[in-house]
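Here is the structure we will look at, set down as structure tokens.
Any read-out appearing in this document is the output of simple, stated calculations on the displayed coordinates, not a laboratory observation. These numbers come from a predicted model, not from an experiment. Heads up, the Cβs are rebuilt from the backbone with ideal geometry, glycines too, and the neighbour counts pull from every protein chain shown.
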Amino acid sequence: MAGTLYLVGTPIGNLGDLSPRAAETLASVDFIAAEDTRVSLKLLNHFGIKKPLVSYYEHNKGESGARLIERLLAGESCALVTDAGMPAISDPGEDIVRLCAENGVPVSVIPGPCAAPSALAVSGLPTGRFTFEGFLPVGNKERREQLQSLSGEKRTMIFYEAPHKLRKTLSDLCDSFGADRRISLVRELTKIHEEVIRVSLGEAALLYSEAEPRGEFVLVVEGAKEDSAPEISLDEAVGLVLAETEKGVPLKLAAKEISARCGIAKSVLYNEAVKRR
Ligand code: SAM
């Protein structure tokens, strides 16, 4: 009979957040698969847990995943942990769970801390309906397309971001959603310097053009206002932008003016107009 893969949530900062059930599971499995074995070893040492560790991370997940499945099918039990939080949430883990499902290996979850819902809870923004966007794509084209697809999103949006990419992301969010949109920058959750900065996107971009972003961030962004829904379609709005440019108005200015009139983000209008010109 196949062994079980346990997805074990671990602290996102404060070690006191490891649940008793997570500790019991880590202590009882045959082996632990970790994103970074050095990081997980510190956690295990802190709790006095001694277990064989194997590495399972983004760049070896094909090979390592196949070996994990073999061992699970042979009857061993395994706990999967990542550097912080819930495995499989913007973390390697998603693929091994799919492989287990395909191979009839049971998967069980030991829920624990996760940065996204914790940040949402403390953000002060509406929590009734939200969308988790994880990390925005790095490539310019994919990034633009993703932001365009979110331009009319009314639900609160949650993004993960690394500190060295924060400035660019704030500037892109500002271009796509407008400088007035509210954002909560939730920093260093459960750690000594935990902080929630509740400002507009314009203020956030300005703040971090001066201050160096430090620590781990979740960005919680207010959804589009109900009444800001465009009254005309994207097609019609782009038509208006192109009509303006035919009169000699520069494209950027035309996109800005039509954006103010119809509520569709100027970057969306600009990019669509470039495509259709
Ligand atoms: N699996 C993790 C989870 O359950 O939250 C997320 C892993 S993802 C690779 C790392 C991102 O999570 C960071 O770039 C940051 O956006 C967010 N994050 C993790 N720990 C955090 C913390 N203590 N405070 C704020 N954000 C955190």
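If you build the convex hull over the alpha carbons only and average its shadow over all orientations, what do you get for segment 150-277? Give it in nm² to one decimal. Could the numbers behind the result be given before it?
Working: hull surface 33.8 nm².
Directional mean of the projected Cα hull area for segment 150-277 stands at 8.5 nm².
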Checklist entry - Relative to the longest principal Cα axis of the chain, at what angle does helix 140-149 sit, 0 to 90 degrees, rounded to 10? => result 80
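Restricting to DSSP loop positions (anything but H, G, I, E, B) with no more than 12 other Cβ atoms inside 10 Å of their own Cβ, which GluC sites (Glu not before Pro) remain in segment 184-241?
Working: sites: E188, E194, E195, E203, E210, E216, E222, E226, E231, E236; in loops: E188, E194, E216, E222, E231.
Qualifying residues, ordered by number: E231.
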Item to check | Extent along principal axes [Cα atoms of the chain; Å; largest to smallest] | outcome: 72, 40, 31
Item to check | Most fluctuating residue given options D91, D235, D83, as computed from a GNM of the chain linking Cα atoms under 10 Å | outcome: D235
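Over segment 133-224, what lengths in whole Å, largest first, do the semi-axes of the equivalent ellipsoid take, defined as the square roots of 5 times the eigenvalues of the alpha-carbon gyration tensor?
Numbers: eigenvalues 81, 39, 33 Å².
The answer is 20, 14, 13 Å, longest axis first.
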Checklist outcome for this item: Between the Cα axis of helix 61-73 and the main Cα principal axis of the chain, the angle (0 to 90°, nearest 10) is 40
Checklist entry - Average projected area of the Cα convex hull of segment 85-197, in nm²? => result 8.9
Item to check | Debye log10 I(q)/I(0) at q = 0.14 Å⁻¹ for segment 225-276, Cα point scatterers | outcome: -0.28
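Just the C-alpha atoms of segment 22-75: what Rg/Rh do they give, with Rh taken as the Kirkwood radius? Show your work: numbers first, answer last.
On the way: Rg = 11.6 Å, Rh = 11.8 Å.
A ratio of 0.98.
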Next on the checklist: Compute a Gaussian network model of the chain, connecting alpha carbons closer than 10 Å, and tell me which residue from G215, G85, G16 fluctuates the most.
Outcome noted: G16
Item to check | Centroid-to-centroid separation of segment 141-181 and segment 238-277 [C-alpha atoms, Å] | outcome: 20
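Mind scanning K141/K168; K141/K266; K252/K275; K141/K247; K141/K275; K225/K275 and naming the pairs with a C-alpha gap bigger than 18 Å?
Numbers: K141/K168 14 Å; K141/K266 16 Å; K252/K275 14 Å; K141/K247 29 Å; K141/K275 12 Å; K225/K275 28 Å.
Among K141/K168; K141/K266; K252/K275; K141/K247; K141/K275; K225/K275, the Cα-Cα distance tops 18 Å for K141/K247; K225/K275.
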Next on the checklist: Nearest 10 degrees is fine. How inclined is helix 201-210 to the longest principal axis of the chain, computing both from alpha carbons?
Outcome noted: 70
Checklist entry - Among the lysines, which have Cα under 19 Å from the Cα of K51 when same-chain residues fewer than 8 positions away are ignored? => result K42
Next on the checklist: With N set to the number of residues, divide the alpha-carbon radius of gyration of segment 1-156 by 2.2 N^0.38 Å and report two decimals.
Outcome noted: 1.15
